[in-house]
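Peer 1: Could you have a look at this structure, given as structure tokens, before my questions?
The values are calculated or read from the model by the stated rules, or taken from the named source; none is laboratory data. This structure is a prediction, so every number in the text was calculated from the model and none was measured. Cβ placement follows ideal geometry from the backbone for every residue including glycine, while neighbour counts extend to all protein chains displayed. Note: accessible area is taken over every heavy atom of the protein model, side chains too, but ligands, DNA and RNA are not part of it. Shrake-Rupley method; radii C 1.70, N 1.55, O 1.52, S 1.80 Å.
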Amino acid sequence: SDDTVGHPSTRLTWQKEDDNITKTWEEALTYCEGLPLAGYSNWRLPNATELQSIVDYSVANPAIDSSVFPNANSSGYWSSTTVGVATGNAVNVNFGTGFVAIGSGKTTKFYVRCVRGGQ
């Protein structure tokens, strides 16, 4: 009821619905860091492992439990994970298929689902 979803095995709290607006990687970081959701201000962009933890590989388009995360886009979502020496690139997860894409340019626009806890 507070627009968040708890994930018991990872102890992370997720933004239930994204804002349906694509953002560059920098815009995604800023968006999550400034998100005032459910009375908390410590939201952040998830790392690649965290983001992949909510993929549901038994379904597609979107590859996520739509009863838990309604209105999810079947498209790419940013992670905070920068690609090794290619610091202009970051990892994103495609929630159409669950595919983890390594090496997307940070100026590309993808969706954002923020998280809190962990790390």
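Condition check ((1) among the β-branched types (Val, Ile, Thr); (2) modelled with pLDDT of 95 or more; (3) over 13 Å from the mean Cα position of the chain (by Cα)) across all residues:
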| residue | (1), (2), (3) |
| --- | --- |
| Thr10 | yes, no, yes |
| Ile21 | yes, yes, no |
| Glu26 | no, yes, yes |
| Val91 | yes, yes, no |
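Peer 1: List the number of the failed condition for Ser74; all other conditions in (1) out of contact with any Gly (no Cβ under 9 Å at 6 or more places or on another chain); (2) over 19 Å from Asp3 (Cα atoms) hold.
Peer 2: Result: Ser74 fails condition (1) only.
Peer 1: What tally of residues in the stretch 95-119 results from selecting those that are at positive phi and either out of contact with any helix residue (DSSP H, G or I) (no Cβ under 7 Å at 6 or more places or on another chain) or open to solvent by less than 40 Å² (accessible area, probe 1.4 Å) (or both)?
Peer 2: 4
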